[in-house]
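Read the structure below first, then the notes.
The values are calculated or read from the model by the stated rules, or taken from the named source; none is laboratory data. None of these values were measured; they are calculated from a predicted model. No Cβ is skipped: glycine too gets one built from the backbone with ideal geometry, and neighbour counts run over all protein chains shown. In case anyone asks, the SASA skips ligands and DNA or RNA and just uses the protein heavy atoms, side chains included. Shrake-Rupley method; radii C 1.70, N 1.55, O 1.52, S 1.80 Å.
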Amino acid sequence: MTEEKEVQQMIEEDFAQYEIVWTQFYNDKETMEALFLMLINHYIDKINGFAEGIEVLSAYQTIEQQVETCRKNISLLIERMKLFQQNNYSNDGLFDLYLEQERAKDTIITEMDFTAVRLSIGMMEEISSIEKEEVIVKLGEIEEICSLPLTRKRKWDKLRQYVVWISGKDVKIALKLLPLFLKI
């Protein structure tokens, strides 16, 4: 069997393994970590940029946060495996596919209102439930300031701290929230 056929078969088997772990062991830290490490070991030398952008687990995170980080990392790796598969199991042009997919996900919609952004944040699979809750609370505070009967300058003065807060967030979150500042 050629190396390319072996990689194709391994990817199919690992997709099946992923489905089992994802559905039956969704909250199991050890099983999720084992799946993550298996995927890294299988593809780090086969798929260009495979591990780029993964998050590091921290001993300071709660178990729930660690599992959420594992799930986020696994989702990214599975996405990269699918792109590699769609690219005919070739690394040629794969980075362009990564960029194209990222751009497609990060479309900025300036017409979104606060409710639509809340729903959009709630649907994001790549962020933890704890982070979603934090963002939604801050979003409520931002909405409240935007609706105050103040001048644009005074609203802006009150909103500046949220711009700093957003700058510490993932780009996907920032791109959803920043257009809301145009509503002052």
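Per-residue HN-Hα couplings for region 31-41, Karplus 6.51 cos²θ - 1.76 cosθ + 1.60 at θ = phi - 60°, whole Hz, x for Gly and Pro?
Working through the residues one at a time gives 5, 5, 4, 4, 5, 4, 5, 4, 4, 4, 4 Hz.
Say each of Thr23 and Gln161 gets a label point 7 Å from the Cα, pointing the same way as Cα to Cβ; how far apart are those two points in nm?
That separation, rounded to one decimal, is 4.7 nm.
Per residue, how much accessible area does the chain have with a 1.4 Å probe, in Å²? Show your work: numbers first, answer last.
Numbers: 11190 Å² over 184 residues.
Accessible area per residue: 61 Å².
In whole percent, how big is the carbon plus sulfur part of the accessible area of the chain, probe 1.4 Å, protein atoms only? Could the numbers behind the result be given before it?
Values: 5910 of 11190 Å².
Solvent-exposed carbon and sulfur of the chain make up 53 percent of the total.
Taking only the Cα atoms of the chain, how large is their convex hull per residue, in Å³?
Taking only Cα atoms, the chain has a hull volume of 128 Å³ per residue.
What nm value, rounded to one decimal, do you get for the distance between Gln85 and Phe181 when each label is placed 7 Å out toward the C-beta?
It is 4.0 nm.
Can you run phi through the Karplus equation (6.51, -1.76, 1.60; θ = phi - 60°) for region 12-19 and list ³J(HN,Hα) in whole Hz, with x for Gly and Pro?
Ordered by residue, 3J(HN,Hα) equals 4, 5, 6, 4, 5, 4, 4, 4 Hz.
Could you please put Tyr43, Tyr60 in sequence from largest to smallest accessible area, using a 1.4 Å probe?
Reading off the accessible areas and sorting them downward yields Tyr60, Tyr43.
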